[in-house]
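Structure, as structure tokens:
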Amino acid sequence: MFTSPRRSLLSVALVATALSGAHASLQIVPGGTWTADNGEHVQAHGAGVIKVNDTWYMMGEDKTNGSAFQNVNCYSSRDLVRWHYEGALLSRTAGAGDLGPNRVLERPKVIYNDRTRKYVMWMHIDSSNYGDAKAGVAVGDSVCGKYKYLNSSRPLGFQSRDSGLFKDDDGTAYLLTEDAAAQPTSGKSASSRPPWSRSPGATTCSART
């Protein structure tokens, strides 16, 4: 069957245009809504990002139906533009407890514990009126699998709200938290789990993994 060169070129042009349009729809625009490759909005508020091998993973809050805790979602990407929804790492539970109805879970961050060979998630845990001001911790066997929630506490006795998590090259993990009643604090730990030690002049906690 003979196909004219003109028709072939037109087909290639149409395919290229379609691919270009699909890629453009997944571009990240500052201040705009991010869209996953399934066409749905990325639900990963207060997100943390970790790279494992050649893939980036983003974990954040699902606020599809309001601000109360629903899920911690995970997305994967190899180029930081096209994101694929992997699933929920933690989900709301029935009854009382940190993950129950009308609870607050914000800013989940994940690092890898070399000693236990588990992924460790730290997050802000609170009541609906933000009176608890605690840091919660969960562990998982894979970066984007199900996590087991352990407990919450106030590291070193400080209130803990907005937070960040960092693992240094020597394995020391740093939890940076905000205490509105005091000054910004940092501390370090040798295991990415308590006990924590306080860094001088700051409110950061650290632990070696």
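The values are calculated or read from the model by the stated rules, or taken from the named source; none is laboratory data. Small disclaimer: the values here were computed from a predicted structure and weren't measured. Note that each Cβ is placed from the backbone with ideal geometry, even for glycine, and that neighbours are counted across all protein chains shown.
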- The one condition ALA96 fails out of (1) out of contact with any Ser or Thr (no Cβ under 9 Å at 6 or more places or on another chain); (2) at pLDDT 95 or above; (3) not polar (S, T, N, Q) is (2)
- Message: If I ask for residues that are in a loop (DSSP other than H, G, I, E, B) and under 30 Å from THR172 (Cβ atoms), which ones from the stretch 84-115 would you list?
- Response: ASP98, LEU99, ASP114, ARG115
- Task: Spot the failing condition for PRO5; the list is (1) over 28 Å from THR177 (Cβ atoms); (2) modelled with pLDDT of 95 or more, and only one is missed.
- Result: (2)
- When you go through (1) of a type in the set (A, V, I, L, M, F, W, C); (2) within 24 Å of GLY87 (Cβ to Cβ); (3) surrounded by fewer than 19 Cβ atoms within 10 Å (Cβ to Cβ); (4) within 16 Å of the chain's Cα centre (by Cα) one by one for PHE166, which number turns out not to apply? (2)
- Message: Just to be sure I understand, how many residues within the stretch 116-132 are over 21 Å from GLN70 (Cβ atoms) and not in a strand (DSSP E or B)?
- Response: 2
- Every residue from the stretch 84-98 that is touching a residue at least 24 places away in the same chain (Cβ under 8 Å) and more than 27 Å from THR35 (Cα to Cα): ASP98
- Note on the structure: Going through the stretch 48-69 in order, the residues found to be assigned to a strand (DSSP E or B) and of a type in the set (Lys, Arg) are LYS51
